[in-house]
Amino acid sequence: MWPASLAGLMSTAVIFGTDMFSLTVGRPGLRLAPQATSTEVMGFIRLSGDKRMPIWGILALLSNLLLVLFSGSRHRTFYLLSLSMLILFVVIYDRL
């Protein structure tokens, strides 16, 4: 089951890394630009992100689902909790 664990960790790291970059670099940089420019740039980032980022979320969800279903270890509860949090994140993101 280590390939599923690795896929889940890597895909979650991609999403977390993207969010951290946006928070620490993108946001302060956009504050320096005029508001109209910042709005336009964020629109383009959102368009490209909506096309490219879902695969990482889907991979994280699927790997956690595989671990919940097929893991024989006593950590199954943690995998289920992780899967539940990912699903909750998707529901919240979809409503915003």
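Observations on the model:
- The stretch 48-80, residues that are within 16 Å of the chain's Cα centre (by Cα) and hydrophobic (A, V, I, L, M, F, W, C): M53, I55, W56, I58, L59, A60, L61, L62, L65
- Only one of S71, S82 that is polar (S, T, N, Q) and under 20 Å from D94 (Cα atoms): S82
Read-outs throughout are calculated quantities, based only on the coordinates presented, and are distinct from any laboratory measurement. Quantities reported herein were computed from a predicted structural model and do not represent experimental measurements.
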